[in-house]
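S.K.: Here it is: the structure, laid out below.
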Amino acid sequence: MNHLRQHYINIFAELAESTTLDMILSGIYGKQGKYEKLSDDLGDLIRQSNYALT
């Protein structure tokens, strides 16, 4: 289970560091945009946690 938990945490950290939201909003609205992240170190914080969501 710890191996699965670590994969889960890594997936959430990679999502936090990615530009996935930019791509989703571009697809919805049909024009390029940039979503400003509220935290630059969210991926690192997620990786340091025991669980990705609490």
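S.K.: Take region 14-54 and flag every residue that is small (G, A, S) and in contact (Cβ under 8 Å) with a residue 40 or more places away in the chain. Spell out the reasoning first.
M.R.: Going residue by residue through region 14-54, those that are small (G, A, S) are 16, 18, 26-27, 30, 33, 39, 43, 49, 52.
Matches in region 14-54: S49, A52.
S.K.: Can you pull out every residue in region 26-37 that is modelled with pLDDT of 90 or more and either surrounded by 10 or more Cβ atoms within 10 Å (Cβ to Cβ) or closer than 30 Å to L4 by Cα (or both)?
M.R.: Within region 26-37, just S26 meets the criteria.
S.K.: Report the residue count in region 1-22 for those that are out of contact with any Gly (no Cβ under 9 Å at 6 or more places or on another chain) and more than 14 Å from K37 (Cβ to Cβ).
M.R.: Matching residues across region 1-22 total 11.
The values are calculated or read from the model by the stated rules, or taken from the named source; none is laboratory data. Just so it is clear, the structure is predicted and the values come from calculations on it, not from any experiment. Positions of Cβ are backbone-derived with ideal geometry, glycine not excepted, and every protein chain shown enters the neighbour counts.
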